[in-house]
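Student: Provided herewith is a single structure, encoded as structure tokens, for subsequent inquiry.
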Amino acid sequence: MLLLGIVLAMALAPGYIKDYIEENDQELVGRKITLGKVHIDWFTGRLGVGNLVMQEKVSTQTFISVGNLDTKMAIGQLFKSHIHIPYFTITGLQVQINQVGNEFNFDDLAKAGTDSSSTPAEAESEWRLHWKNSLVHQSQLTYRSDIAPEIRTDSLRLFIPAITHDMQSMDVALGFLLGSGGKITTNTHLDLAGESYAVNFVSDSVSLAIAEPYFAEAIKLKGVKGSLHTNLNIFGS
């Protein structure tokens, strides 16, 4: 009976997690959240989430949607105070960023994430973290403001090879197409120990018209034409 109860609880857990998030979304993040499907394989440590949608704070419009989230955790390593995530993949991420003046439509989320309420000092954690192969791909980000009507990035791909508890360096690769034309890719290396960075920035056929709204009024331009082709290496500390 005990084994049957454990199996039943494991089978019902995904549905419970889905219902809990949807019923307590306002208390958790202050926004409406819906989930399509949650799948947990307790034997392999694999977690899948489909069709996650978070609405805007003051409307029913979509702020963020995720087509599919797929990740895995080594369950056995948890008993050794070790969080080992061999991969973390988000497919079909859609983000709508709106700016009016100095305010963004995610300010409430950022404020909640940086709550400065005082907490007692904690001892150094004995937990170890190895989070590998973080990938966001086949994604899109749209930015709107009172200056530029819309800037859209398509085929966005972000890859971080590894994040660990004791890492001395970090690499980040980002690439996307622009809705107005062209492609941008960046490869960033952060030397956390030496507090320095190196960035390779490549733009291919990026339409200069995308920048026109930001300085046309200041320097009285009648129009901006042309495209940007660059391959820059930037170093700093």
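Bear in mind these aren't lab numbers, they're just calculated from the coordinates by the rules spelled out. Note that this is a predicted model, so its numbers are computed, not measured.
Student: Every residue in the range 28-37 that is part of a strand (DSSP E or B) and either aromatic (Phe, Trp, Tyr) or over 27 Å from ALA74 (Cα atoms) (or both), please.
Tutor: ILE33, THR34
Table: residues versus (1) closer than 28 Å to THR164 by Cα; (2) in a loop (DSSP other than H, G, I, E, B); (3) of a type in the set (A, V, I, L, M, F, W, C).
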{"position": "TYR16", "(1), (2), (3)": "no, no, no"}
{"position": "GLN26", "(1), (2), (3)": "no, no, no"}
{"position": "HIS39", "(1), (2), (3)": "yes, no, no"}
{"position": "PHE43", "(1), (2), (3)": "yes, yes, yes"}
{"position": "THR60", "(1), (2), (3)": "no, yes, no"}
{"position": "VAL66", "(1), (2), (3)": "yes, no, yes"}
{"position": "LEU69", "(1), (2), (3)": "yes, no, yes"}
{"position": "HIS84", "(1), (2), (3)": "yes, no, no"}
